[in-house]
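This report refers to the structure that appears directly beneath it.
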Amino acid sequence: MLTQKKLQAQVVQVGVDHGAIPDHVAIIMDGNGRWASARSRPRTEGHRAGTGNVRRIVQHLARKGVKHVTLFAFSTENWERPAEEVSFLMELVREVIKTEVAELHRQGIRVRHLGTLDRLDPGFRQEIENAVALTALNQGMTLNVAFNYGGRDEIVRAVRRIVESRVPVEDVDEALVRRHLFCPELPDPDLMIRTGGEFRISNFLLFQSAYSEFYSTETNWPDFGPEDVDRALEAYARRQRRFGKVI
Ligand code: IPE
Ligand code: IPE
Ligand code: MG
């Protein structure tokens, strides 16, 4: 029989997160194109405005005490967009690396990449690797950039490496699969925010989002400000996370 005290302890453990700040916030930064269309501007301008929004949101989340932030910047499916849009996005990310990484490093932020670099040109690949290496020992927040990332691609790559390793079948478990993901030590997202109004995951963090709290807002990414972050954090704090249990 559970005493009242034990029961209370259990509730806290299972995580009624009242007032809690999530450790890991993942964001699907969507709606750049619609932001631009609403202003009769080309989609590329929406991407520029969206990129300009990244710094203030990352800094706000850092101030709030969030330890890990993962941003969905470019999916494995986004290659299907018009070639000019794809190359614009590539150039934009290169520009951001040049202008932002030194400052992120100064702030002690650790930058990591989720996804693969094989489709990128060698110079660009090197710039991403340099940014990751430069900040690797930083102790502050981790900023994970999902770029050329797909959740299915990540799982398929994990399975391939597991098969290659000839591990005995009985040793294949969730922990082993996790160890073969792009960033095995990254905790699962507690809160996943999607801007731009859709209620779908679009191939983001499929394995890791099993128990993430999902928050969708109509606001397009370039307009998503610190006060919108606060609204998402408040909504998160009111959620009751049960992880399949009865509490
Ligand atoms: C998100 O904005 C940015 C990327 C996917 C790279 P979109 O470009 O998808 O904007 P919408 O959804 O068309 O408005
Ligand atoms: C998800 O947005 C990918 C990124 C934000 C990078 P999309 O615009 O690609 O997603 P769909 O096509 O609406 O599902
Ligand atoms: Mg979109």
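The values are calculated or read from the model by the stated rules, or taken from the named source; none is laboratory data. From a predicted model like this one, the values you see are computed outputs, not experimental measurements. Note that we place each Cβ from the backbone using ideal geometry, even for glycine, and neighbour counts take in every protein chain shown. All accessible areas refer to the heavy atoms of the entire protein, side chains included, with ligands and DNA or RNA removed. Shrake-Rupley method; radii C 1.70, N 1.55, O 1.52, S 1.80 Å.
If exposed chymotrypsin sites (Phe, Trp or Tyr not before Pro) are those in a DSSP loop with at most 13 other Cβ within 10 Å, what is the longest stretch of the chain that has none?
1-198
Could you give the dipole magnitude of segment 24-234 about its Cα centre, charging the beta-carbon of Lys and Arg +1 and that of Asp and Glu -1, in debye to the nearest 20?
420 debye
Go ahead and estimate [θ] at 222 nm for the chain from helices alone: -39,500 (n - 2.57) per DSSP H run with n ≥ 4, summed, over the residue count, rounded to 500.
Value at 222 nm, helices only, nearest 500: -14500 deg cm²/dmol.
Can you divide the C-alpha Rg of segment 125-183 by 2.2 N^0.38 Å and report the result to two decimal places?
Segment 125-183 yields a ratio of 1.40.
For segment 24-234, take every pair of Cα atoms, bin their distances at 10 Å starting from 0, and report each bin as a whole percent.
For segment 24-234, the binned pair fractions read 8, 33, 38, 17, 4, 0 percent.
Under 12 Å Cα to Cα from residue 98, which aspartates and glutamates show up? Leave out anything in the same chain fewer than 8 places away.
127
As an exercise, identify the GluC sites (Glu not before Pro) in segment 18-99 lying in DSSP coil whose Cβ has no more than 16 other Cβ atoms within 10 Å.
For GluC sites (Glu not before Pro) across segment 18-99 that sit outside H, G, I, E and B with at most 16 neighbouring Cβ atoms in 10 Å, the list reads 77.
Specify the angular offset, from 0 to 90 degrees and rounded to the nearest 10, of the alpha carbon long axis of helix 151-164 from the longest principal axis of the alpha carbons in the chain.
Result, in degrees: 70.
Quick one: Debye curve from the alpha-carbon atoms of segment 78-178 only, equal weights, vacuum; give me log10 I(q)/I(0) at q = 0.12, 0.17 Å⁻¹ to two decimals.
Each listed q maps to, in turn, -0.53, -0.90.
How many Å² of accessible area per residue for segment 24-234, probe 1.4 Å?
Averaged over the residues of segment 24-234, the accessible area is 50 Å².
Choose one answer from 226, 122, 168: the residue with the largest mean-square fluctuation in a GNM of the chain with alpha-carbon springs under 10 Å.
Among 226, 122, 168, the largest mean-square fluctuation in the Gaussian network model of the chain belongs to 168.
Counting only other residues whose beta carbon sits under 12 Å from that of residue 88, what net charge do I get with K and R as +1, D and E as -1?
-1
Measure nothing fancy, just the Cα-based angle from helix 4-14's long axis to the longest principal axis of the chain, in degrees from 0 to 90, nearest 10.
Helix 4-14 sits at roughly 20 degrees to that axis.
Whenever you get a sec, compute what percent of the accessible area on the chain sits on carbon and sulfur atoms (1.4 Å probe).
Answer for the chain is 53 percent, counting heavy atoms of protein chains only.
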